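The values are calculated or read from the model by the stated rules, or taken from the named source; none is laboratory data. What you are looking at is a predicted structure, and each value in this text was computed from that prediction instead of being measured. So basically every Cβ, Gly included, is an ideal-geometry build from the backbone, and we count neighbours across all protein chains shown. With ligands, DNA and RNA removed, areas are computed over all heavy atoms of the protein, side chains included. Shrake-Rupley method; radii C 1.70, N 1.55, O 1.52, S 1.80 Å.
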Amino acid sequence: MKLKLAIIGFGNVGQGLCEILTSKREWFKTGQNFEWELVAVSDFQKGSVLCDDGLRTEELLKLVQSSKSLEDYSGKCTKGLDAITTIQRSNADVVVEVTYTNIKTAEPATAHVKTAFSKGKNVVSSNKGPAALHYAELKKLAEANGVQYLIEGTVMSGTPVLSFAKENLAGVQINSIRGIFNGTSNFILTEMWKGKSYKASLSEAQELGYAEAVPDADVEGYDALAKVTILANVLMGTNLNPSQIKCEGITGITEGDILKAKAENKKWKLIGEIIKEGTEVKAEVGPRLLNADSAMGGIDGVLNAVTFTTDLLDDVTVVGPGAGRKETGFAILSDLLRINRALK
Ligand code: HSE
């Protein structure tokens with residue numbers, strides 16, 4: 001059986017996923033028993049195309065890479081549908097929801113996710129809005145409709161964190177979670193430490209595809225805040241809302257602050273932490289001054305890291321890329337493989 005996919009949002013992540021799926025198609029079939037068909041793509045800027053018999057991904061990628069509309073796709077297909085109608089009309093088994101994150105309203109992504117569930121479709125998403133604001137509700141809704149809501153790519157892109165903790169740390173008690181959760185701000189802080197300006201570092205992070213569509217979410221800490229909320233709610237069973245968590249970004253750190261830290265062999269890092277104290281859970285996001293030689297102090301560039309402090313294993317740390325086109329594309333793929341295994 002081929003897993004039928006509809007991609008909603010065809011920016012960096014959607015295209016990154018498409019490239020991975022296309023380039024490894026044969027290997028996925030023989031090595032992973034995973035066969036797929038892309039049946040719809042809808043993007044509010046790039047247009048939409050739906051074809052129940054499958055779309056040629058190479059042509060779709062070529063169109064967007066030459067700044068053409070998806071609706072220039074050749075062949076008899078339905079074109080011009082909005083995202084909701086695409087989800088409703090397509091015969092996809094899985095909706096890949098990779099539209100831009102809106103951390104304040106979580107829309108229109110939440111509507112996309114709910115529509116998919118109401119049509120009995122699984123959702124795989126790297127969108128942090130619905131996951132941070134409505135995880136418990138959406139998880140319940142998925143279960144009620146007999147489908148899955150998988151969000152590995154919401155935290156540390158393709159570096160396994162949520163599935164790692166849920167599957168491999170099942171049975172230990174996690175007492176605290178602490179880490180660097182925003183690739184863009186870590187990249188900026190690292191570049192500034194090397195002597196580059198804030199502005200030039202941010203531009204480079206945008207060019208490399210690390211930053212959010214509106215990068216304020218990265219540098220003001222809201223992206224890390226969303227990830228901290230997701231970690232607490234998914235792994236610690238809390239029902240926190242981002243508005244309950246103290247949050248400060250990196251915009252208050254000057255080039256002078258960084259040079260002063262450097263002279264003392266220290267580095268500024270944007271740290272997110274969640275600490276369980278009895279039945280209470282405290283969470284916070286903010287800049288911290290760390291020794292350059294410490295484990296977290298050594299996490300530079302777009303790398304992210306998370307340390308789980310547990311009862312049976314003490315500290316367990318996972319380090320890996322925190323943002324990027326192919327990295328987040330891989331996160332989506334890892335959830336698709338999970339659904340594929342479950343269906344088999
Ligand atoms: N803008 C995010 C970051 C992308 O820089 O970490 C990954 O969530």
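Brief remarks follow.
- Residue match in the range 95-109 (condition: more than 17 Å from the chain's Cα centre (by Cα) and either outside any loop (DSSP other than H, G, I, E, B) or within 19 Å of residue 48 (Cα to Cα) (or both)): no
- The range 149-201: number of residues that are hydrophobic (A, V, I, L, M, F, W, C) and within 13 Å of the ligand (Cβ to nearest atom): 10
- Selected residue (criterion: nearest to the ligand (Cβ to nearest atom)) from residues of the range 335-344 that are touching a strand residue (DSSP E or B) at 6+ places or on another chain (Cβ under 7 Å) and of a type in the set (A, V, I, L, M, F, W, C): 336
- The criterion of being outside any strand (DSSP E or B), at positive phi, more than 16 Å from the ligand (Cβ to nearest atom) and exposed (fewer than 14 other Cβ atoms within 10 Å of the Cβ) does not hold for residue 252.
- Candidate set: the range 2-58, residues that are under 17 Å from residue 333 (Cα atoms) and among the hydroxyl-bearing types (Ser, Thr, Tyr); chosen: the one most open to solvent (accessible area, probe 1.4 Å): 30
- Test set (1) in a loop (DSSP other than H, G, I, E, B); (2) farther than 18 Å from residue 328 by Cα - residue 225 fails condition number: (1)
- Among the candidates 231, 270, 225, the residue that is modelled with pLDDT of 95 or more, open to solvent by less than 20 Å² (accessible area, probe 1.4 Å), within 16 Å of the ligand (Cβ to nearest atom) and within 21 Å of residue 293 (Cα to Cα) is uniquely 270.
- Yes/no for residue 54 being touching a Lys or Arg at 6+ places or on another chain (Cβ under 9 Å), assigned to a helix (DSSP H, G or I) and over 21 Å from residue 214 (Cβ atoms): no
- Boolean, residue 146 is more than 18 Å from residue 273 (Cα to Cα), surrounded by fewer than 20 Cβ atoms within 10 Å (Cβ to Cβ) and not assigned by TED's automatic domain parsing to the domain that holds residue 258: yes
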